[in-house]
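Inspection log for the structure reproduced underneath, given as structure tokens.
The values are calculated or read from the model by the stated rules, or taken from the named source; none is laboratory data. Please read all numbers here as calculations on a predicted model, not as lab measurements. Here the Cβ positions follow ideal geometry from the backbone for every residue, glycine too, while neighbour counts run over all protein chains shown. Just the protein is used for accessible areas: all its heavy atoms, side chains included, with ligands, DNA and RNA removed. Shrake-Rupley method; radii C 1.70, N 1.55, O 1.52, S 1.80 Å.
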Amino acid sequence: MTGVFQDLSIVDVSGSVATSYAAKLFADYGARVINLEPAAGFMTRGLKPLLPSGDSAMHGYLHANKLSVIARHELFSEEPLASVADLVIYDPERLPCANYLAQLAVSTCSISWYGESGRYSGMRGSDATIHALTGLMRGIGTEEGPPIIPPGYQAQMIGGISAFNGALGHLLDQRFNAAGARQSAVFALETSIFEANLCFTDLAAINAFNDNPLPSRMGINRFPPTYPLGIWPCKDGWLGVTTLAPNQWKALCKLLDLEHFADIELFQSSVNRLAASDLLEPEILKALAEHSAEDLFYRGQAMRIPLARVPTMEELFSVDQYQSRQAFSTVVQGADTFSAPSTPFRLFRTPPHFGGPVAALGADARRWQDLLPDPAPDLAKNPTQGQQSRSAAPSEPASAKPLEGLRIIDLSMGWAGPLATRNLADMGAQVIKVESCERFDWWRSWEATEEWIADDGAEKSLQYLYVNRNKLDITLDLEHPKGRELLLRLVATADALVENYSGSVLPKLKLSYDHLIEANPELVMVSMPAFGSTGPWAEFRAYGSTVEHSSGLPHLVGDPDQAPTMQHVAFGDAVGGLNGSAAILTALWHKQRTGEGQFVDLSQVECLFPLAAPGILHQSVHGNAPTRFGNAHPEHAPYGVYPCLGDDAWVLVQITSEAEWQHLTTLVPALDKTADLTARLSQRAEIDASLAQWTAQQSAEQVMHSLQGLGIIAAKLNDGNALLHEPHLQDRDYLQWLERAYIGRQPHPSAPFRSAKTPIPIASAAPTLGQHNQLVLSEILQLSQQEVTELEALGIIGDKPRMPSRG
């Protein structure tokens, strides 16, 4: 067994999509992952699409390179988990013996829909209920509604990678803690899929608190504050367009022969362009119709406009960028083979598995027996006997700061990179954010003016506040030789560095990986460009929206008569950030184990392929893309989003069994309780209309609780203000309140994983520009006060933004 995690054993005893994906990330890098399955197998074995053999391709994608063992008892009381596992991953809903696990000296990570406490902890969940409650769903669709349900298992994938990050951070502490002990106390983490997915919409709650609520749903592919933004038809395909900054707007006007709009003062602001979209959009559409999407994509990228081809599922496999990076790899499942997404982050020294074999149910029983202690104790008489051999009894809680002692240099800007490093800072790593007074983080503003600077606008950005808590901040002019020298000295003290510049920036500054390892040969460097650091698109520009456009995911969302449909203004950023955390932690594990640093390449577009996996697998297995059903389900009815009492109020309802249908008919007399599934599918429109009449007379909250009380999957569709006051999140102390200079007391969302009843404490709000210059330069780099003063006089450091003096 080889790979980064070759010395780790992970046991999954639940086999939900979320637990499977968390374990998959360990397996991809060489961990021994054992699926301890019931006699009927994990539920993933029944997920579509199905291979010619009848096996599930989705199961194969999630479980390649894992072992399969049939459990001897449904409560697992006869399995010596602590003798075998470094970590047990489970879903409390699918595991009747969660209390049994708590008695063992084994580290555990639970992944549940809503967390193990709070008023929703007993509610039924689904990927769709998560999208409803987080507010993501509310922003997708036409203005009049109903909002659109995102397809597939996206919420569980996000929960899975979030659990992986939390578990790996705690395993790092357990295995390589500062005291040098190989085995510290075991830990018990819980991860909430709901809270993990709030990474997309936390800003809505923060904006609501600051009396700046985000606008209501504005239509398909229209999200504030960016315009032009969307997916539009061209002569022979679809083009994803994002223009935020004034220079991008002017370049787009030139590309489309619309230069009469380019210099109009009003249109230099993205918000003003959005307000004028009724004027601008017909002209843009007319111009796009004259060109091919392929031609505009390449010409636009040459002009530094973040444009994207929006490939169909069929086209994904032939995109030259993805082919050059082996973005898809072959999974072997019995006699069948198919293509599936590869791991989106690549460690260059210790790469992941690409594809691999899938074990048949129970195929590895003999290997499981070989792992057991010798001689095996008589567990039938004493189930806990022999369970203490791997680690000491859990006599102390897991550390709230498992990464304390690690230093990360953060050169990233915007959302994705800063979110990746924020996740590490939340676990105690010292993250030093490096900006400059002229090249400051563009999430402070992408339309800086002298007036904005004078008004301290750089310190009032809510989005900057959101992803930069728990960090230190310094300014260094990296274009000045002295600034570059100081960065290299800082890098020499660091464990890792993260950046998400476009591909040409750091080489021009002589700060590429080859330069950085001259200062620190053991450095882990994680690069997070949109398309990865290799391939023909390596230097192409992109935002989070461009990433979503390029992933093919929009072709799976919405109705077949709608344009390929986006889910968020910057969907790719949050997903890229979570994968960035995973990449850093994986490389740090290897470094802690071997002393070796390395370059880590992450493609933010490829990070979205797992979320599109059902469509990608369907294309590979069947040779065509799955049908877009909108909010309907091909096998269940009723199933959709229904209006409720109030302005733009909606509720999600999903009936997935005959028993649930019978329960629903007791509440809604207009429904025919004798209608079987075949009848319901053929009468879907009539049933939806009757159900909508009933839901429209009640609040979404009332409908949700009435239906959940009968065991029916249902959820209200929250907005930002509802999230701010969401009672379940209040039960769990999800929002933490900290004072911040210039803007006062602000809500801060917690990490989605926790090792106690309360969330991991947030130590500090986001730093102001250059707030820690003195601390870092004097205490870490040992500069004298005179040297610091000279740097200030030269403008190499500072604490106020300046308009750029260089091009």
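Looking across THR2, THR44, THR108, one residue alone is in contact (Cβ under 8 Å) with a residue 12 or more places away in the chain and out of contact with any helix residue (DSSP H, G or I) (no Cβ under 7 Å at 6 or more places or on another chain). It is THR2. Within the bounds of the range 140-152, is there any residue that is free of Cβ contacts under 8 Å to residues at least 12 places away in the same chain, more than 16 Å from the chain's Cα centre (by Cα) and assigned to a loop (DSSP other than H, G, I, E, B)? Checked against the condition, which is being free of Cβ contacts under 8 Å to residues at least 12 places away in the same chain, more than 16 Å from the chain's Cα centre (by Cα) and assigned to a loop (DSSP other than H, G, I, E, B), the range 140-152 yields at least one hit. Residues in the range 118-147 that are closer than 20 Å to ILE712 by Cα and among the hydroxyl-bearing types (Ser, Thr, Tyr): TYR120, SER121, SER126, THR129, THR134.
The requirement of being part of a helix (DSSP H, G or I), open to solvent by less than 10 Å² (accessible area, probe 1.4 Å) and either under 20 Å from HIS568 (Cβ atoms) or of a type in the set (Gly, Ala, Ser) (or both) is fulfilled somewhere in the range 122-129, by at least one residue.
A single member of ASP573, ASP601 is in contact with a Gly (Cβ under 8 Å, 6 or more places away or on another chain), outside any helix (DSSP H, G or I) and in contact (Cβ under 8 Å) with a residue 24 or more places away in the chain, and it is ASP601. Any residue at all in the range 785-792 that's closer than 30 Å to HIS480 by Cβ, modelled with pLDDT of 95 or more, among the hydroxyl-bearing types (Ser, Thr, Tyr) and surrounded by 15 or more Cβ atoms within 10 Å (Cβ to Cβ)? No, because not a single residue in the range 785-792 is closer than 30 Å to HIS480 by Cβ, modelled with pLDDT of 95 or more, among the hydroxyl-bearing types (Ser, Thr, Tyr) and surrounded by 15 or more Cβ atoms within 10 Å (Cβ to Cβ). From the list PHE194, PHE261, PHE209, the one residue that fits, being open to solvent by less than 10 Å² (accessible area, probe 1.4 Å), touching a helix residue (DSSP H, G or I) at 6+ places or on another chain (Cβ under 9 Å) and of a type in the set (Phe, Trp, Tyr), is PHE194. Inside the range 295-321, can you point out the residues that are surrounded by 20 or more Cβ atoms within 10 Å (Cβ to Cβ) and among the small types (Gly, Ala, Ser)? The answer is GLY300, ALA308.
Restricting attention to the range 264-284 and to residues that are without any contact (Cβ under 8 Å) to a residue 60 or more places away in the chain and closer than 23 Å to PHE571 by Cβ, the residue that is most open to solvent (accessible area, probe 1.4 Å) turns out to be VAL271. Residues that are surrounded by 15 or more Cβ atoms within 10 Å (Cβ to Cβ) and not aromatic (Phe, Trp, Tyr) within the range 748-762 comprise HIS748, PRO749, SER750, ALA751, PRO752, ARG754, SER755, PRO759, ILE760, ILE762, listed in sequence order. So in the range 228-238, with the set limited to residues that are assigned to a loop (DSSP other than H, G, I, E, B) and farther than 18 Å from VAL547 by Cβ, which one is most open to solvent (accessible area, probe 1.4 Å)? Among residues in the range 228-238 that are assigned to a loop (DSSP other than H, G, I, E, B) and farther than 18 Å from VAL547 by Cβ, the one most open to solvent (accessible area, probe 1.4 Å) is LYS235. Do we have ILE408 as touching a His at 6+ places or on another chain (Cβ under 8 Å) and either under 17 Å from HIS772 (Cα atoms) or assigned to a loop (DSSP other than H, G, I, E, B) (or both) here? In short, no.
Restricting the range 62-100 to residues that are assigned to a helix (DSSP H, G or I) and modelled with pLDDT under 75, the residue that is surrounded by the most Cβ atoms within 10 Å (Cβ to Cβ) is ALA82. Of all the listed residues (SER755, SER778, SER764, SER784), the sole one being in contact with a Ser or Thr (Cβ under 9 Å, 6 or more places away or on another chain), closer than 30 Å to TRP443 by Cα and small (Gly, Ala, Ser) is SER778.
Considered as a group, the residues in the range 650-679 that are in contact with a helix residue (DSSP H, G or I) (Cβ under 6 Å, 6 or more places away or on another chain) and open to solvent by less than 20 Å² (accessible area, probe 1.4 Å) include one that is farthest from LEU717 (Cα to Cα), and that residue is LEU671. The single condition from (1) touching a His at 6+ places or on another chain (Cβ under 9 Å); (2) farther than 15 Å from GLU190 by Cβ that GLN103 fails is (1). The residue that is farthest from PHE531 (Cα to Cα), counting only those in the range 545-570 that are among the β-branched types (Val, Ile, Thr), open to solvent by less than 10 Å² (accessible area, probe 1.4 Å) and assigned to a loop (DSSP other than H, G, I, E, B), is VAL557. If you go through the range 15-40 and keep only what is more than 22 Å from the chain's Cα centre (by Cα), farther than 30 Å from GLY595 by Cβ and open to solvent by less than 10 Å² (accessible area, probe 1.4 Å), you end up with ASN35, LEU36, GLU37. Residue count for the range 26-48 under the criterion of being closer than 17 Å to VAL4 by Cα, outside any loop (DSSP other than H, G, I, E, B) and of a type outside the set (A, V, I, L, M): the result is 3. Checking each residue in the range 5-41 for being without any contact (Cβ under 8 Å) to a residue 12 or more places away in the chain and in contact with a strand residue (DSSP E or B) (Cβ under 9 Å, 6 or more places away or on another chain) picks out no residue at all. The listed residues are LEU691, LEU724, LEU717, and the only one of them that is open to solvent by less than 30 Å² (accessible area, probe 1.4 Å), under 23 Å from PRO151 (Cβ atoms) and touching a residue at least 60 places away in the same chain (Cβ under 8 Å) turns out to be LEU717.
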